[in-house]
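Down below is the structure, laid out as C-alpha cells.
Just so it is clear, none of the values below were taken in a lab; they were calculated from the coordinates. This one's a predicted model, so the numbers in the text were calculated from it and none came from an experiment. Note that each Cβ is placed from the backbone with ideal geometry, even for glycine, and that neighbours are counted across all protein chains shown.
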Amino acid sequence: MISVVKNTVKFILYFRYNMTQSNHPIQIEALFQTATTRLASSLPDINKVSKEHAAAMIRRYGAGIYGNFIPWMTACLLSVKSSTAYNAVAENLQVETKDNHPGLLFDFIAQVSCHPQPEDYTTIAPLAQEIQTVVSDGNGLALTTLLGSMESTSAVFIPYLMKLAKMQQDTEFIYLTIHGEADIWHAEQFISAIKSEASQNYPDPLTTITTMIDLNHRFFSRIFSY
C-alpha cells in the first residue's frame, strides 16, 4: 500500500513539474502517452500468466466495467460545462448504447465462461467506489479525464484482454475487435474535450487531471493484478 501511494505522488509531482515548465500548461497528449506506457509496464508478463489467472482477470474486468461504464459516462454528460466536452461525451454515449456495448461485453464474458464471481466484485469494489465518489462530486473535468484515460489506455488493455481470452478459447471476440478499432478515435475526442473542459474555471485543473489519470491506472492495475 505504501509503494502505491509513493508511486501516485511521484506520478502527480512529475507531471506538475513538467507541465508547468512548458508553454502549454496542460499537455493531455503527453499525459495520456505516459499513462499508457505506465499501464503497459505494470501488466503481468503474459507468458507467465496461467489460464486460471487469465480467467480471473477477465472476470474482474467484467465486474468493473459491465454495469458501470455507461452510468459513469452518463454522469459525465450531466456534469460537463463546455459544449465541446458535452458533444464528445454525448457521441460516445450514443455509440455505447446504440451498438449495445454492454451486451457485447456480456457475450464476450459468456464466450470465455468468465462470469464474475462475488470475490471479483470484492476485489474491484474499493476502486469502483472511489470512482463512484468522483461521480457523485459532479466534477465534469474529473469525469471527462477519467473516461478519456480509459479510452486512451484501452490501446494497452484491449490487446492484453485479447491474449487472455485466447487462453480460454481460440476464436474471434466482437467486443474486443470493436473496441480496438473505435477507442483510438474516442480517445482523440476526449483529448479535445478535456482541453475544453479545463478552460472552464475549475480550481487547479492540472491536479484534477493527473489525479484522475492515476485513478484510472490503479483501477486497471487492480483488474489485471496477478
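When the Cα positions of Ala165, Gln111, Ser221 are compared along the charge dipole of the range 2-223, Ser221 comes out farthest toward the positive end, with charges on each C-beta of Lys, Arg, Asp and Glu.
Largest GNM mean-square fluctuation among Val134, Val80, Val95, using the chain with Cα springs under 10 Å: Val95.
Taking Asn68, Asn92, Asn201 as the candidate residues, the one with maximal mean-square fluctuation in a Gaussian network model of the chain, Cα springs under 10 Å, is Asn201. For the peptides 212-223, 42-53, 156-167, 116-127, the ranking by mean Cβ contacts within 10 Å, running from highest to lowest, is 212-223, 156-167, 116-127, 42-53.
Averaging Cα coordinates gives a centre for the range 177-226 and one for the range 96-125; these two points are 21 Å apart.
Entry note, the chain: the mean residue ellipticity at 222 nm calculated from DSSP H runs of n ≥ 4, each adding -39500 (n - 2.57), is -27000 deg cm²/dmol after division by the residues and rounding to the nearest 500. Based on the alpha-carbon gyration tensor of the range 156-226 and its eigenvalue square roots a ≥ b ≥ c, which shape applies: rounded if a/c is under 1.5, prolate if not and a/b is larger than b/c, or oblate? Note, shape of the range 156-226 comes out oblate. If only the Cβ of Lys and Arg carry +1 and only the Cβ of Asp and Glu carry -1, the dipole of the range 2-223 around its Cα centre is close to 620 debye. Assuming a strict under-29 Å limit between Cα atoms, what lysine pair count do you get for the chain once near-sequence pairs (fewer than 8 apart, same chain) are dropped? Lysine pairs meeting both conditions in the chain amount to 13. Once both labels are modelled 7 Å past Cα along the beta-carbon direction, what's the Asn47-Glu119 spacing in nm? Label-label distance for Asn47 and Glu119, simple model: 2.8 nm. With 10 Å bins beginning at zero, the pair-distance distribution over Cα atoms of the chain amounts to 8, 34, 38, 17, 3, 0 %.
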